[in-house]
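Participant: For reference, the structure I am asking about is given below.
The values are calculated or read from the model by the stated rules, or taken from the named source; none is laboratory data. These figures come from a predicted structure and were not determined experimentally. Note that each Cβ is placed from the backbone with ideal geometry, even for glycine, and that neighbours are counted across all protein chains shown. Note: accessible area is taken over every heavy atom of the protein model, side chains too, but ligands, DNA and RNA are not part of it. Shrake-Rupley method; radii C 1.70, N 1.55, O 1.52, S 1.80 Å.
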Amino acid sequence: MISNQILQNTIDGLKSIARVELCVMDVDGKEVASTTDMGSSSKAAVEFAASPADSQEIQGYQYFKIFDEQQLEYVLVVNGTGEDVYTIGKMAAFQIQNLLVAYKERFDKDNFIKNLLLDNLLLVDIYSRSKKLHIQTDVPRVVMIVESGNGRDNNALELTRAHLGSNSKDFITAVDENNVIVVKELSDGEATKEIDKSARTLEAYLQKEGIKDIRIAYGTVIQEIKEVSRSYKEAKMALDVGKIFFDEREIIAYSELGIGRLIYQLPIPLCKMFIKEIFGGKSPDDFDEETLTTIYKFFENSLNVSETSRQLFIHRNTLVYRLDKLQKSTGLDLRVFEDAITFKIALMVVKYMKYMENADF
(Lines give C-alpha, C1' and ligand atoms only; values in the text may rest on other atoms or scores of the structure.)
Protein backbone atom coordinates (compact mmCIF):
# COMPACT_ATOMS: atom_id res chain seq x y z
CA MET A 1 0.00 0.00 0.00
CA ILE A 2 1.14 3.52 -0.79
CA SER A 3 2.34 5.42 2.29
CA ASN A 4 0.62 8.54 3.64
CA GLN A 5 3.91 10.42 3.25
CA ILE A 6 3.97 9.70 -0.48
CA LEU A 7 0.38 10.95 -0.77
CA GLN A 8 1.26 14.07 1.21
CA ASN A 9 4.26 14.81 -1.01
CA THR A 10 2.11 14.30 -4.09
CA ILE A 11 -0.69 16.68 -3.14
CA ASP A 12 1.83 19.25 -1.85
CA GLY A 13 3.40 19.18 -5.30
CA LEU A 14 0.03 19.44 -7.02
CA LYS A 15 -0.95 22.40 -4.85
CA SER A 16 2.27 24.25 -5.68
CA ILE A 17 1.44 23.86 -9.38
CA ALA A 18 -2.34 24.34 -9.42
CA ARG A 19 -2.70 26.75 -6.44
CA VAL A 20 -5.68 24.91 -4.97
CA GLU A 21 -6.13 23.16 -1.63
CA LEU A 22 -6.44 19.37 -1.72
CA CYS A 23 -7.30 16.67 0.79
CA VAL A 24 -7.22 12.86 0.52
CA MET A 25 -9.59 10.95 2.82
CA ASP A 26 -10.30 7.28 3.28
CA VAL A 27 -13.80 5.88 2.77
CA ASP A 28 -14.63 6.55 6.44
CA GLY A 29 -13.90 10.25 6.06
CA LYS A 30 -10.58 10.11 7.94
CA GLU A 31 -7.95 12.51 6.63
CA VAL A 32 -4.95 10.73 5.08
CA ALA A 33 -3.10 13.70 3.58
CA SER A 34 -4.06 17.35 3.23
CA THR A 35 -2.70 20.76 2.27
CA THR A 36 -5.15 22.49 4.63
CA ASP A 37 -7.76 21.62 7.25
CA MET A 38 -10.87 20.25 5.54
CA GLY A 39 -12.38 18.46 8.52
CA SER A 40 -15.77 20.03 7.81
CA SER A 41 -16.00 18.05 4.56
CA SER A 42 -15.52 14.68 6.27
CA LYS A 43 -19.23 13.87 6.60
CA ALA A 44 -19.92 14.84 3.01
CA ALA A 45 -17.00 12.65 1.88
CA VAL A 46 -18.54 9.62 3.60
CA GLU A 47 -21.93 10.27 1.96
CA PHE A 48 -20.25 10.78 -1.41
CA ALA A 49 -18.34 7.51 -1.01
CA ALA A 50 -21.63 5.66 -0.59
CA SER A 51 -23.17 7.29 -3.69
CA PRO A 52 -22.90 5.90 -7.24
CA ALA A 53 -21.28 9.10 -8.58
CA ASP A 54 -17.56 9.22 -9.46
CA SER A 55 -17.35 12.97 -8.86
CA GLN A 56 -19.65 15.52 -7.23
CA GLU A 57 -19.81 19.18 -6.17
CA ILE A 58 -21.02 19.68 -2.58
CA GLN A 59 -21.13 23.03 -0.73
CA GLY A 60 -18.14 24.65 -2.40
CA TYR A 61 -15.99 21.51 -2.65
CA GLN A 62 -15.36 19.06 -5.49
CA TYR A 63 -15.26 15.35 -4.54
CA PHE A 64 -13.60 12.62 -6.62
CA LYS A 65 -13.39 8.87 -6.10
CA ILE A 66 -10.04 7.06 -6.40
CA PHE A 67 -10.20 3.31 -7.05
CA ASP A 68 -7.75 0.47 -6.64
CA GLU A 69 -8.77 -2.37 -8.97
CA GLN A 70 -12.48 -1.47 -8.91
CA GLN A 71 -12.49 -1.01 -5.13
CA LEU A 72 -12.91 2.50 -3.71
CA GLU A 73 -9.71 3.39 -1.87
CA TYR A 74 -9.77 7.18 -1.33
CA VAL A 75 -11.91 10.28 -1.72
CA LEU A 76 -10.15 13.37 -3.05
CA VAL A 77 -11.56 16.70 -1.89
CA VAL A 78 -10.68 19.88 -3.80
CA ASN A 79 -11.47 23.30 -2.32
CA GLY A 80 -13.41 25.29 -4.91
CA THR A 81 -15.88 24.92 -7.74
CA GLY A 82 -16.01 25.58 -11.44
CA GLU A 83 -14.64 23.97 -14.57
CA ASP A 84 -10.98 24.75 -13.81
CA VAL A 85 -11.15 23.25 -10.32
CA TYR A 86 -12.96 20.20 -11.71
CA THR A 87 -10.21 19.69 -14.28
CA ILE A 88 -7.51 20.03 -11.62
CA GLY A 89 -9.35 17.55 -9.40
CA LYS A 90 -9.67 14.99 -12.21
CA MET A 91 -5.95 15.29 -12.97
CA ALA A 92 -5.03 14.94 -9.29
CA ALA A 93 -7.27 11.88 -8.88
CA PHE A 94 -5.73 10.35 -12.02
CA GLN A 95 -2.22 10.99 -10.67
CA ILE A 96 -2.97 9.37 -7.30
CA GLN A 97 -4.67 6.40 -8.97
CA ASN A 98 -1.57 5.85 -11.12
CA LEU A 99 0.58 6.00 -7.99
CA LEU A 100 -1.55 3.26 -6.45
CA VAL A 101 -1.03 1.07 -9.52
CA ALA A 102 2.73 1.74 -9.60
CA TYR A 103 3.25 1.02 -5.90
CA LYS A 104 1.09 -2.09 -6.03
CA GLU A 105 3.10 -3.39 -8.98
CA ARG A 106 6.31 -2.64 -7.08
CA PHE A 107 4.97 -4.53 -4.07
CA ASP A 108 3.96 -7.48 -6.27
CA LYS A 109 7.36 -7.49 -7.96
CA ASP A 110 9.11 -7.39 -4.60
CA ASN A 111 7.13 -10.40 -3.37
CA PHE A 112 7.81 -12.23 -6.61
CA ILE A 113 11.58 -11.60 -6.41
CA LYS A 114 11.69 -12.71 -2.75
CA ASN A 115 9.94 -15.99 -3.56
CA LEU A 116 12.16 -16.42 -6.61
CA LEU A 117 15.31 -15.99 -4.50
CA LEU A 118 14.07 -18.47 -1.90
CA ASP A 119 13.10 -21.01 -4.58
CA ASN A 120 9.47 -20.99 -3.46
CA LEU A 121 7.89 -20.95 -6.92
CA LEU A 122 6.99 -23.66 -9.40
CA LEU A 123 8.53 -23.28 -12.85
CA VAL A 124 5.15 -22.56 -14.46
CA ASP A 125 4.44 -19.86 -11.85
CA ILE A 126 7.80 -18.19 -12.47
CA TYR A 127 7.05 -17.62 -16.14
CA SER A 128 3.36 -16.77 -15.77
CA ARG A 129 4.01 -14.19 -13.03
CA SER A 130 6.99 -12.75 -14.91
CA LYS A 131 4.73 -12.13 -17.88
CA LYS A 132 2.04 -10.55 -15.72
CA LEU A 133 4.57 -8.25 -14.02
CA HIS A 134 6.30 -7.39 -17.32
CA ILE A 135 9.64 -8.88 -16.24
CA GLN A 136 11.90 -10.24 -18.96
CA THR A 137 12.82 -13.88 -18.42
CA ASP A 138 15.78 -14.38 -20.75
CA VAL A 139 18.25 -11.61 -19.94
CA PRO A 140 21.56 -12.05 -18.07
CA ARG A 141 21.41 -11.24 -14.36
CA VAL A 142 23.56 -11.63 -11.26
CA VAL A 143 22.63 -11.60 -7.57
CA MET A 144 24.60 -9.43 -5.14
CA ILE A 145 24.32 -9.54 -1.34
CA VAL A 146 25.21 -6.42 0.61
CA GLU A 147 26.05 -6.77 4.30
CA SER A 148 27.07 -4.07 6.76
CA GLY A 149 29.01 -4.51 10.00
CA ASN A 150 26.00 -4.43 12.35
CA GLY A 151 23.63 -6.48 10.23
CA ARG A 152 21.26 -4.75 7.86
CA ASP A 153 21.36 -1.02 8.56
CA ASN A 154 17.91 0.55 8.53
CA ASN A 155 18.97 2.88 5.73
CA ALA A 156 20.97 0.41 3.65
CA LEU A 157 17.96 -0.90 1.71
CA GLU A 158 16.64 2.54 0.77
CA LEU A 159 20.13 3.88 0.04
CA THR A 160 20.80 0.95 -2.28
CA ARG A 161 17.50 1.60 -4.01
CA ALA A 162 18.38 5.28 -4.34
CA HIS A 163 21.78 4.44 -5.84
CA LEU A 164 20.46 1.86 -8.33
CA GLY A 165 17.03 3.41 -8.78
CA SER A 166 17.91 4.94 -12.14
CA ASN A 167 17.92 1.42 -13.56
CA SER A 168 14.36 0.19 -13.18
CA LYS A 169 15.41 -3.26 -14.45
CA ASP A 170 17.33 -3.99 -11.23
CA PHE A 171 15.49 -5.39 -8.19
CA ILE A 172 16.53 -4.44 -4.66
CA THR A 173 14.95 -6.32 -1.77
CA ALA A 174 15.63 -8.18 1.50
CA VAL A 175 14.62 -11.66 2.65
CA ASP A 176 15.97 -11.42 6.21
CA GLU A 177 17.11 -8.87 8.78
CA ASN A 178 20.79 -9.03 7.88
CA ASN A 179 21.35 -8.32 4.19
CA VAL A 180 20.22 -6.29 1.21
CA ILE A 181 19.88 -8.25 -2.03
CA VAL A 182 20.32 -6.84 -5.52
CA VAL A 183 19.18 -8.77 -8.58
CA LYS A 184 21.09 -6.86 -11.22
CA GLU A 185 20.31 -7.03 -14.91
CA LEU A 186 23.38 -7.04 -17.13
CA SER A 187 24.04 -6.04 -20.68
CA ASP A 188 25.03 -8.81 -23.10
CA GLY A 189 28.64 -9.77 -22.62
CA GLU A 190 29.08 -7.77 -19.42
CA ALA A 191 32.22 -9.22 -17.87
CA THR A 192 32.98 -10.07 -14.26
CA LYS A 193 35.20 -6.99 -14.20
CA GLU A 194 32.14 -4.79 -14.87
CA ILE A 195 30.13 -6.53 -12.15
CA ASP A 196 33.00 -5.97 -9.72
CA LYS A 197 33.12 -2.31 -10.74
CA SER A 198 29.38 -1.94 -10.03
CA ALA A 199 29.85 -3.56 -6.62
CA ARG A 200 32.73 -1.21 -5.74
CA THR A 201 30.72 1.82 -6.86
CA LEU A 202 27.84 0.73 -4.61
CA GLU A 203 30.24 0.10 -1.70
CA ALA A 204 31.77 3.58 -2.09
CA TYR A 205 28.31 5.18 -2.20
CA LEU A 206 27.11 3.41 0.95
CA GLN A 207 30.30 4.28 2.81
CA LYS A 208 29.86 7.91 1.82
CA GLU A 209 26.34 7.76 3.25
CA GLY A 210 27.64 6.48 6.58
CA ILE A 211 27.17 2.71 6.26
CA LYS A 212 30.22 1.02 7.79
CA ASP A 213 32.07 -2.29 7.34
CA ILE A 214 30.40 -3.21 4.07
CA ARG A 215 30.92 -6.56 2.38
CA ILE A 216 29.45 -7.39 -1.02
CA ALA A 217 29.34 -10.89 -2.49
CA TYR A 218 27.93 -11.98 -5.83
CA GLY A 219 27.17 -15.22 -7.63
CA THR A 220 27.69 -16.24 -11.23
CA VAL A 221 25.82 -14.69 -14.15
CA ILE A 222 22.61 -16.53 -15.06
CA GLN A 223 20.75 -16.32 -18.36
CA GLU A 224 17.23 -17.36 -17.31
CA ILE A 225 15.07 -15.92 -14.54
CA LYS A 226 14.44 -19.44 -13.17
CA GLU A 227 18.15 -19.57 -12.22
CA VAL A 228 18.09 -16.47 -9.99
CA SER A 229 17.89 -18.63 -6.85
CA ARG A 230 21.11 -20.41 -7.87
CA SER A 231 23.01 -17.13 -8.20
CA TYR A 232 21.59 -16.09 -4.80
CA LYS A 233 22.80 -19.31 -3.13
CA GLU A 234 26.22 -18.79 -4.71
CA ALA A 235 26.35 -15.21 -3.41
CA LYS A 236 25.44 -16.42 0.09
CA MET A 237 28.22 -18.98 0.00
CA ALA A 238 30.65 -16.36 -1.32
CA LEU A 239 29.74 -14.08 1.60
CA ASP A 240 30.42 -16.81 4.18
CA VAL A 241 33.54 -18.21 2.54
CA GLY A 242 34.84 -14.68 2.05
CA LYS A 243 34.58 -14.02 5.79
CA ILE A 244 36.59 -17.17 6.54
CA PHE A 245 39.36 -17.13 3.96
CA PHE A 246 39.30 -13.61 2.44
CA ASP A 247 38.50 -11.45 5.44
CA GLU A 248 40.65 -8.60 4.08
CA ARG A 249 38.45 -8.24 0.99
CA GLU A 250 35.25 -6.16 0.83
CA ILE A 251 34.13 -7.55 -2.55
CA ILE A 252 34.11 -11.28 -3.25
CA ALA A 253 32.81 -13.30 -6.20
CA TYR A 254 31.68 -16.92 -6.07
CA SER A 255 34.03 -17.67 -8.98
CA GLU A 256 37.03 -16.54 -6.87
CA LEU A 257 36.54 -18.83 -3.88
CA GLY A 258 38.92 -21.55 -5.09
CA ILE A 259 39.59 -24.36 -2.65
CA GLY A 260 37.74 -22.44 0.07
CA ARG A 261 34.47 -23.42 -1.67
CA LEU A 262 35.32 -27.11 -1.26
CA ILE A 263 36.42 -26.81 2.38
CA TYR A 264 33.23 -24.89 3.25
CA GLN A 265 31.14 -27.89 2.21
CA LEU A 266 33.04 -30.42 4.34
CA PRO A 267 31.29 -31.85 7.43
CA ILE A 268 32.95 -30.85 10.70
CA PRO A 269 33.62 -34.48 11.86
CA LEU A 270 35.59 -35.11 8.66
CA CYS A 271 37.56 -31.90 9.22
CA LYS A 272 38.46 -32.95 12.77
CA MET A 273 39.61 -36.33 11.52
CA PHE A 274 41.81 -34.69 8.88
CA ILE A 275 43.41 -32.27 11.37
CA LYS A 276 44.11 -35.11 13.79
CA GLU A 277 45.89 -37.01 11.02
CA ILE A 278 48.03 -34.00 10.12
CA PHE A 279 48.86 -32.50 13.52
CA GLY A 280 48.19 -35.41 15.86
CA GLY A 281 46.84 -33.98 19.08
CA LYS A 282 48.11 -30.51 18.27
CA SER A 283 46.53 -27.52 16.56
CA PRO A 284 48.07 -24.65 14.55
CA ASP A 285 46.95 -22.46 17.46
CA ASP A 286 49.67 -24.17 19.51
CA PHE A 287 52.38 -22.72 17.27
CA ASP A 288 54.04 -19.57 18.56
CA GLU A 289 53.58 -16.29 16.71
CA GLU A 290 57.06 -16.41 15.21
CA THR A 291 56.41 -19.82 13.66
CA LEU A 292 53.02 -18.80 12.27
CA THR A 293 54.47 -15.59 10.78
CA THR A 294 57.22 -17.65 9.13
CA ILE A 295 54.72 -20.12 7.70
CA TYR A 296 52.38 -17.50 6.22
CA LYS A 297 55.24 -15.44 4.78
CA PHE A 298 56.76 -18.58 3.24
CA PHE A 299 53.45 -19.34 1.52
CA GLU A 300 53.08 -15.72 0.40
CA ASN A 301 56.42 -15.99 -1.39
CA SER A 302 55.59 -19.28 -3.14
CA LEU A 303 58.02 -21.33 -0.97
CA ASN A 304 60.96 -19.12 -1.93
CA VAL A 305 63.50 -19.33 0.91
CA SER A 306 65.64 -16.36 -0.18
CA GLU A 307 62.75 -13.94 -0.63
CA THR A 308 61.04 -15.03 2.58
CA SER A 309 64.20 -14.56 4.67
CA ARG A 310 64.72 -11.14 3.08
CA GLN A 311 61.16 -9.98 3.93
CA LEU A 312 61.42 -11.36 7.47
CA PHE A 313 64.82 -9.63 7.92
CA ILE A 314 66.46 -12.88 9.02
CA HIS A 315 69.39 -14.89 7.74
CA ARG A 316 68.62 -17.67 5.28
CA ASN A 317 70.04 -20.24 7.72
CA THR A 318 67.68 -18.98 10.44
CA LEU A 319 64.69 -19.59 8.15
CA VAL A 320 66.00 -23.07 7.27
CA TYR A 321 66.37 -23.80 11.00
CA ARG A 322 62.75 -22.77 11.64
CA LEU A 323 61.50 -24.93 8.77
CA ASP A 324 63.54 -27.91 10.04
CA LYS A 325 62.08 -27.41 13.51
CA LEU A 326 58.55 -27.33 12.08
CA GLN A 327 59.25 -30.51 10.11
CA LYS A 328 60.32 -32.33 13.27
CA SER A 329 57.12 -31.36 15.12
CA THR A 330 54.65 -32.02 12.29
CA GLY A 331 56.39 -34.39 9.90
CA LEU A 332 55.79 -31.93 7.06
CA ASP A 333 58.57 -30.20 5.17
CA LEU A 334 57.18 -26.96 3.72
CA ARG A 335 59.98 -26.87 1.15
CA VAL A 336 58.41 -29.95 -0.45
CA PHE A 337 55.45 -28.93 -2.60
CA GLU A 338 53.19 -31.84 -1.58
CA ASP A 339 53.80 -31.24 2.13
CA ALA A 340 53.27 -27.49 1.67
CA ILE A 341 49.90 -28.11 -0.01
CA THR A 342 48.82 -30.44 2.80
CA PHE A 343 49.86 -27.91 5.43
CA LYS A 344 48.12 -25.04 3.64
CA ILE A 345 44.86 -26.97 3.36
CA ALA A 346 45.11 -27.97 7.03
CA LEU A 347 45.44 -24.32 8.06
CA MET A 348 42.37 -23.45 5.97
CA VAL A 349 40.38 -26.32 7.49
CA VAL A 350 41.24 -25.14 11.01
CA LYS A 351 40.15 -21.62 10.09
CA TYR A 352 36.85 -23.00 8.75
CA MET A 353 36.24 -25.07 11.89
CA LYS A 354 36.85 -22.08 14.15
CA TYR A 355 34.43 -19.96 12.08
CA MET A 356 31.71 -22.61 12.24
CA GLU A 357 32.13 -22.99 16.00
CA ASN A 358 31.73 -19.24 16.54
CA ALA A 359 28.98 -18.72 13.95
CA ASP A 360 25.61 -17.68 15.36
CA PHE A 361 23.07 -19.80 13.44
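Participant: When the chain is treated as a GNM, springs tying every alpha-carbon pair under 10 Å, which of Gln71, Gln223, Gln95 comes out with the largest mean-square fluctuation?
Facilitator: Gln71
Participant: Here is a further query. Please enumerate, by chain and number, the aspartates and glutamates with C-alpha under 16 Å from the C-alpha of Lys233, excluding those fewer than 8 residues away in the same chain.
Facilitator: Asp119, Glu147, Asp176, Glu224, Glu256
Participant: Using only the Cα atoms of region 1-145, construct the convex hull and provide its projected area averaged over every direction, in square nanometres to one decimal.
Facilitator: 11.4
Participant: Now, a different point. Relative contact order for the chain: what is it in percent, counting Cα pairs under 8 Å that are at least 6 residues apart?
Facilitator: Numbers: 476 pairs, mean separation 38.1, N = 361.
11 percent.
Participant: Right, something else. How large is log10 of I(q)/I(0) for region 13-70 at q = 0.16, 0.26 Å⁻¹ when the intensity is taken from the Debye formula with one equal scatterer per alpha-carbon?
Facilitator: So the normalised log intensities work out to -0.50, -1.21.
Participant: What whole-number value in cubic angstrom gives the convex hull volume per residue for the C-alpha atoms of region 250-361?
Facilitator: Details: hull volume 15.3 nm³, N = 112.
Given the Cα convex hull of region 250-361, per-residue volume reads 137 Å³.
Participant: Sticking with this one: Averaging over every viewing direction, what projected area does the convex hull of the Cα atoms of region 50-122 cover, in nm²? Write down the numbers at each step before the final one.
Facilitator: Values: hull surface 24.7 nm².
So the mean shadow area of the Cα hull is 6.2 nm².
Participant: Still on this structure, please answer the following. Please list the equivalent ellipsoid semi-axes of region 95-234, computed as the square roots of five times the alpha-carbon gyration tensor eigenvalues, in descending order and whole angstrom.
Facilitator: Semi-axes, largest first: 23, 19, 14 Å.
Participant: Using all Cα-Cα distances in region 165-205, what percent lands in each 5 angstrom bin from 0 up to the longest?
Facilitator: 5, 19, 24, 30, 16, 5, 1
Participant: If only Cα atoms are counted, what is the Rg of region 184-299, and what is its Dmax, in Å?
Facilitator: Rg, Dmax (Cα atoms, Å): 18.2, 54.
Participant: For region 209-269, how big is the tail of P(r) above 18 Å, as a whole percent of Cα pairs?
Facilitator: 40
Participant: As a check on your grasp of the helix formula, calculate [θ] at 222 nm for the chain: sum -39500 (n - 2.57) over DSSP H runs of n ≥ 4, divide by the residue count, round to the nearest 500.
Facilitator: Dividing the helical sum by the residues of the chain leaves -17000 deg cm²/dmol.
Participant: What does the convex hull of the alpha-carbon atoms of region 192-242 project to on average, in nm²?
Facilitator: 4.0
Participant: Give the lysines reachable from Lys276 as a straight Cα distance under 23 Å; neighbours fewer than 8 places away on the same chain don't count.
Facilitator: Lys325, Lys328, Lys344, Lys351, Lys354
Participant: Near Asn79, within a Cβ-to-Cβ distance under 13 Å, what is the net charge of the other residues, with Lys and Arg +1 and Asp and Glu -1? Don't jump to the answer; show the numbers that get you there.
Facilitator: On the way: positive: Lys15, Arg19; negative: Glu21, Asp37, Glu57, Asp84.
Counting the neighbours of Asn79, the net charge comes to -2.
Participant: P(r) tail for region 299-361, what percent of Cα pairs lie past 17 Å?
Facilitator: Numbers: 981 of 1953 pairs.
For region 299-361, the share of Cα pairs beyond 17 Å comes to 50 percent.
Participant: Just to confirm a number: summing +1 for Lys and Arg and -1 for Asp and Glu over residues other than Ile2 whose beta-carbon lies under 10 angstrom from that of Ile2, what do you get? Walk me through the intermediate numbers first.
Facilitator: On the way: positive: Lys104, Arg106; negative: Asp68, Glu73.
Spelling it out: positives minus negatives among the neighbours equals 0.
Participant: Using a 1.4 Å probe, what is the accessible area per residue for region 170-306, in Å²? All intermediate terms of the calculation are to be shown ahead of the outcome.
Facilitator: On the way: 7030 Å² over 137 residues.
Using a 1.4 Å probe on heavy atoms only, each residue of region 170-306 averages 51 Å².
Participant: Once you treat every alpha carbon in region 238-286 as an equal point and sum by Debye, what is log10 I(q)/I(0) at q = 0.14, 0.15, 0.19, 0.25 Å⁻¹?
Facilitator: Result of the Debye calculation: -0.45, -0.51, -0.72, -0.91.
Participant: List, largest first, the extents of the alpha carbons of the chain along their principal axes, each in whole Å.
Facilitator: Extents along the principal axes, in whole Å: 101, 44, 38.
Participant: Follow-up. At Met273 and Asp138, where each label point lies 7 Å from the Cα along Cα→Cβ, what is the point-to-point distance in nanometres?
Facilitator: With each label placed 7 Å out from Cα toward Cβ, I get 4.8 nm.
Participant: Whenever you get a sec, compute what percent of the accessible area on the chain sits on carbon and sulfur atoms (1.4 Å probe). Present the calculation step by step, with values, prior to reporting the outcome.
Facilitator: Working: 9790 of 19930 Å².
After summing per-atom areas, the C and S share lands at 49 percent.
Participant: Taking only Cα atoms and a 10 Å spring cutoff, compute GNM fluctuations for the chain and point out the largest among Val78, Val24, Val336.
Facilitator: Fluctuation is largest for Val336.
Participant: Under a GNM of the chain (C-alpha, springs under 10 Å), which listed residue has the highest mean-square fluctuation: Arg230, Arg310, Arg215?
Facilitator: Judging by the Gaussian network model, the answer is Arg310.
Participant: Could you tell me the number of lysine pairs in region 81-173 with C-alpha atoms less than 26 Å from each other, where the two lysines are 8 or more residues apart or belong to different chains?
Facilitator: Total qualifying Lys-Lys pairs in region 81-173 comes to 13.
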